[in-house]
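Structure first, commentary second.
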Amino acid sequence: MNNQMEKAFNTCLPLAQINLEIDRVLTTEAAAVFIPFNVQDMNQLDGIYYGVNPLSGNMIRYNRKRGGNYNAVILGESGSGKSFSVKEEISQVFLNEDDYIIIIDPEGEYTALGQKFGATIIDISLDGKTHINPLDMDMQYGGEGENPIPMKCDSIETLIESMVGGSDSLSPVEKSIIQRVGRRIYTGYYNHMKTMVQSGITCDKAAMPTLQDFYSELTKQQEPQAQYLATAIESYCVGNYAVFAERTNIDTDNRIIIYNVKELSSGMKELAMHVCMNDAWNHIIQNGMKGIYTRLYVDEFHLFTKTKTSAAFMKNIYKRARKWRGMPMAITQNIGDMTTNEEALATINNCKFVVLMNQQAMDRAVLQEMYGISDQLMEYITDQLAGTGLIYNGNTIIPMENEFDQNTQMYKLMDSKVKGKPLFVTKTDDDQDVEE
C-alpha cells in the first residue's frame, strides 16, 4: 500500500467503497499454491523453547508434562545439532523449573555445562575411587506394591549379558541360573527391608548385596553352566575390572547429576551405562515418591537396544517412568538402532515427543512411513543446516529451525564441535609459527 495508506484505511471501513488502485498480478487461486493458509503450530506458553516454525514464524514451545506421556526421543546424525538441542533444553529446565536432571554421558559432552550449573559429576574409570553398586534396588523398583526382585533379576541378566558378549550370549539354562541366584542373594535384603519400609525407608544401600555376593552364590551352583558363567564374569566381580563390585560410595543428593563414562573402553562403557541406568532408575523412584519430576537424558541410547534383554529392560522403564514422574529422553543417531527388535521398537513407539534432525536416506524412508510425514516436510531432515528438523508431539508434526547467537557464553557451553589445534606447525625463516 505504498502511498495509498489513507485509501487503504478507508477501504477497511464499512462504507462499501474501494478507492485503491491495484494491478493484481496474482489471483487468489494462484496465491493459494504458495501461501500456507493452514499452518499448524506448537506454542504452549509454559513450554520449553525449541526453535521457530519457518512456515508461520511463530515460536515452538512445548511442555512434555502436558503430553500423552513424558517420554521423548531425539534422532539426528552427527553434526545435525542434536546434542546442542538437548543442552538447550537442559539449560532451560535448570534455570526455569524445579525438576531434577540426570544425564548419562558416554562421551563427556555435558561436563562443561554441568560444571557451570554446579552438577555432581560422577567420573567412572577403572582406577577411580568412585563406586556404584549395580545391584542397588529400591523396594518400589518393580512398581508400587509389587515385588521388585523379578524386574531386578532382569536387570542383572542384562548386566551379565554385557559382561559375557552381548546379544544371544546367554542360553536359556544360564538365564535360569542367573534368575535363581538373583532371587537368593536378595532374600535377606528383602526381609530386612520389610521392617524398614514401615518407617518410610525404601532403599538401604549399606545392606545391599553386591556383585561379589552374586559371584560367590553363583560358584555354589552345581550346574556346569553356572561354573562357566562364574569364570566368565570373574574379572568383573573380583578381578581387574571389578569397578562395580562394591557398594555405592557416592553422595548423589544434588539436583543435577552427570554420569561420565568417557574414560572407559567401549566394552566397559556399555556395561557402565547399564549400571548408571540402574542407579538413575532408583533416583527417579525416590524423587517420584517426594513428588519431584526427574528428567533423564540418555546419550548413545542405541547401546541399550543391542540385545533383546537390554531393550526389554528399557521398555519397562519407559512404561513405568510416568508413574514416578520420570521424563526420559533417548538420544541417538539412527532410527535403525531403535528397530533392532520388538522391545526397542516398543520403546520409541511409547514416546509422545519426538525430535527429528538430518537423517540418511534409508532412515528417512523408515521415519516417513512411521510418522506419516509428507514429502514437503521431509525436506527439513534432508541435508539441512544444524538446528533444522521436525517435531512431533503425538498429534502434530511441524518443521523447526533453531538459530542461536554464537557470541554468547551459553553458546560456548552448549556447542559440541571439537575445537582442535592445527594438524602441525612449521617455522618460517623468521621463526614465526605458520599453521597448516
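The values are calculated or read from the model by the stated rules, or taken from the named source; none is laboratory data. These figures come from a predicted structure and were not determined experimentally. Counting neighbours? That spans all protein chains shown, and the Cβs are built from the backbone with ideal geometry, glycine included. For accessibility, only protein heavy atoms count, side chains too; no ligands or nucleic acids. Shrake-Rupley method; radii C 1.70, N 1.55, O 1.52, S 1.80 Å.
Taking the simple approach of a point 7 Å from Cα along Cα-to-Cβ for both Lys65 and Glu146, what is their distance in nm?
Result for the modelled spin labels: 2.5 nm.
Whole-Hz ³J(HN,Hα) for each residue in region 45-58, computed from phi via Karplus 6.51 cos²θ - 1.76 cosθ + 1.60 with θ = phi - 60°, x for glycine and proline: what do you get?
Whole-Hz 3J(HN,Hα) from phi for region 45-58: 4, 9, x, 7, 7, 10, x, 10, 6, x, 7, 10, x, 8.
Contact order normalised by length for the chain, with contacts defined as Cα pairs under 8 Å and 6 or more residues apart; what percent is it?
Reported relative contact order: 23 percent.
Please list, in chain and number order, the residues 5+ apart from Ile48 or on another chain whose amide H is under 5 Å from its amide H, with Hs placed from the backbone.
The answer is Tyr62, Asn63, Arg64.
Over the chain, what percent of the accessible surface lies on carbon and sulfur atoms, probe 1.4 Å?
47 percent
With label points built 7 Å along Cα→Cβ from the Cα atoms of Ser266 and Ile201, find their separation and express it in nm.
4.4 nm
Can you tell me the accessible area per residue over the chain, all protein chains present, probe 1.4 angstrom, in square angstrom?
Working: 21630 Å² over 436 residues.
With the other protein chains kept in place, the chain gives 50 Å² per residue.
Mind jotting down the distance between the C-alpha centroids of region 306-346 and region 122-194, whole Å?
Distance between centres, Cα-based: 18 Å.
Would you mind calculating the relative contact order of region 168-246 from Cα pairs under 8 angstrom and at least 6 residues apart, reporting the percent as a whole number? Walk me through the intermediate numbers first.
Details: 54 pairs, mean separation 22.3, N = 79.
Averaging sequence separation for qualifying contacts and normalising by length gives 28 percent for region 168-246.
For Ser171 and Ala232, calculate 0.36 nm times their separation in residues minus their Cα-Cα distance, and state this gained length in nm to one decimal. Intermediate results must be reported in sequence, preceding the final value.
On the way: separation 61, 0.36 × 61 = 21.96 nm, distance 1.37 nm.
Stretched fully, the Ser171-Ala232 segment lengthens by 20.6 nm.
How large is ³J(HN,Hα) for each residue in region 393-399, as worked out from phi by the Karplus curve 6.51 cos²θ - 1.76 cosθ + 1.60 (θ = phi - 60°), to whole Hz, x for Gly and Pro?
The phi angles translate into 10, x, 10, 10, 10, 9, x Hz.
Which values, in whole Å and largest first, are the semi-axes of the equivalent ellipsoid of region 268-415 obtained as the square root of 5 times each eigenvalue of the Cα gyration tensor?
Sorted largest first and rounded, they come to 27, 20, 16 Å.
Mind telling me which of Thr195, Thr252, Thr347 comes out most flexible in a GNM of the chain, alpha-carbon contacts under 10 Å?
For the chain, modelled as a Gaussian network with Cα springs under 10 Å, the answer is Thr195.
Please give the length that would be gained between Arg183 and Asp415 if that part of the chain were fully extended, namely 0.36 nm times their separation in residues minus their C-alpha to C-alpha distance (nm, one decimal).
78.9 nm
Quote the FRET efficiency, to the nearest 0.05, computed for Gln44 versus Gln222 with a Förster distance R0 of 51 Å and r equal to the Cβ-Cβ distance.
Efficiency computed from Cβ-Cβ geometry: 0.25.
Sketch the reach of a paramagnetic label on Thr340 as a point 7 Å from Cα along Cα-to-Cβ, and name the residues of region 285-306 whose backbone nitrogen lies under 14 Å away.
300-306
Tell me the Rg and the Dmax, in Å, that the Cα atoms of the chain produce.
26.8, 99
So in the chain, what percent of DSSP beta bridges are antiparallel if you round to the nearest 5?
Counting DSSP beta bridges with both partners in the chain, the antiparallel share is about 35 percent.
With a ≥ b ≥ c taken as the square roots of the eigenvalues of the C-alpha gyration tensor of region 92-217, please select rounded if a/c is under 1.5 and otherwise prolate if a/b is larger than b/c or oblate if it is not?
oblate
Among the helices of the chain (complete DSSP H runs), which have Cα atoms covering no less than 27 Å along the helix axis and a Kyte-Doolittle mean of at least -0.5?
266-289
With a cut-off of 8 Å between alpha carbons and a minimum separation of six or more residues, what is the relative contact order of region 1-159 in percent?
Computed value for region 1-159: 9 percent relative contact order.
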